[in-house]
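Below is one structure; the comments refer to it alone.
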Amino acid sequence: MRRSIPEQDHTTGRDERPSFTFSPIGVVRSPYTERFGTPRQPTITTQVKEDRALPGRIELLPEFAEGLADLAEFERIWCVFVFHLNQGYGLKVRSPRDPGRAVGLFSTRAPHRPCPIGLSCLRVTAIEGRDVHVLGLDILDGTPVLDIKPYVPYADAFPDARAGWLEGRVQDEPDQFRPR
């Protein structure tokens, strides 16, 4: 890489554990109002409300509407949101994919996390004003949205990546409901 300016050090002497405060840019308007019946992953819709992907939308605050220009050209988006209703977390969890085994929290997509940030890849069906209409929600109604980014296949898809302890499991098998 050829640089036009000298290399700079922006990291030495920085606090290694800074805290951050984020303000939402919008809110999710979802048909899902309770955890039971909400998809655990956007593409798995068996054993959920109506057994299919239901439409919803991301409603941006008015001051961010202009930022939606050109987003309709993309088929999918990443929605970064806050698990605002969750409290607490454990560093070992039991996944619905393997309820007999406790695995490390960071090897799962469990919603109870030390930093309650969620990420969903959603299909864009339309953009109207400040609303992004989507399919594939796995997010509860009223969830704060922190950011929207376009899904870019050449940079975001790694079909040959290893799937850790999930290897060999059927991708679309329904989750087992296990009450606590």
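The values are calculated or read from the model by the stated rules, or taken from the named source; none is laboratory data. These numbers were taken from a predicted model, which means no experiment stands behind them. Cβ: placed from backbone, ideal geometry, glycine included. Neighbour counts: every protein chain shown. Each accessible area value is taken on the protein alone, full model and side chains, heavy atoms only, with ligands, DNA and RNA left out. Shrake-Rupley method; radii C 1.70, N 1.55, O 1.52, S 1.80 Å.
What to note about this one:
- Of all residues making up the range 143-160, the number that are in a loop (DSSP other than H, G, I, E, B) and open to solvent by less than 30 Å² (accessible area, probe 1.4 Å): 1
- Near pairs, Cβ below 9 angstrom, 6+ apart or cross-chain, from the range 115-131 (touching a residue at least 24 places away in the same chain (Cβ under 8 Å) and within 19 Å of Ala65 (Cα to Cα)) to any residue that is aromatic (Phe, Trp, Tyr) and open to solvent by 70 Å² or more (accessible area, probe 1.4 Å): Val124/Phe74; Arg130/Phe64
- For the range 86-141, the strands (runs of 3 or more DSSP E) that sit wholly inside it and include 1 or more residues that are within 28 Å of Arg162 (Cβ to Cβ), open to solvent by less than 50 Å² (accessible area, probe 1.4 Å) and touching a His at 6+ places or on another chain (Cβ under 9 Å) are 92-94.
- When the range 53-85 is filtered for residues that are more than 18 Å from the chain's Cα centre (by Cα), over 24 Å from Phe22 (Cα atoms) and part of a loop (DSSP other than H, G, I, E, B), only Asp70 remains.
- Qualifying residue in the range 144-155 (condition: under 23 Å from Thr33 (Cα atoms) and more than 15 Å from the chain's Cα centre (by Cα)): no
- Any hit, the range 72-79, residues being modelled with pLDDT of 95 or more, closer than 20 Å to Tyr32 by Cα and aliphatic (A, V, I, L, M): yes
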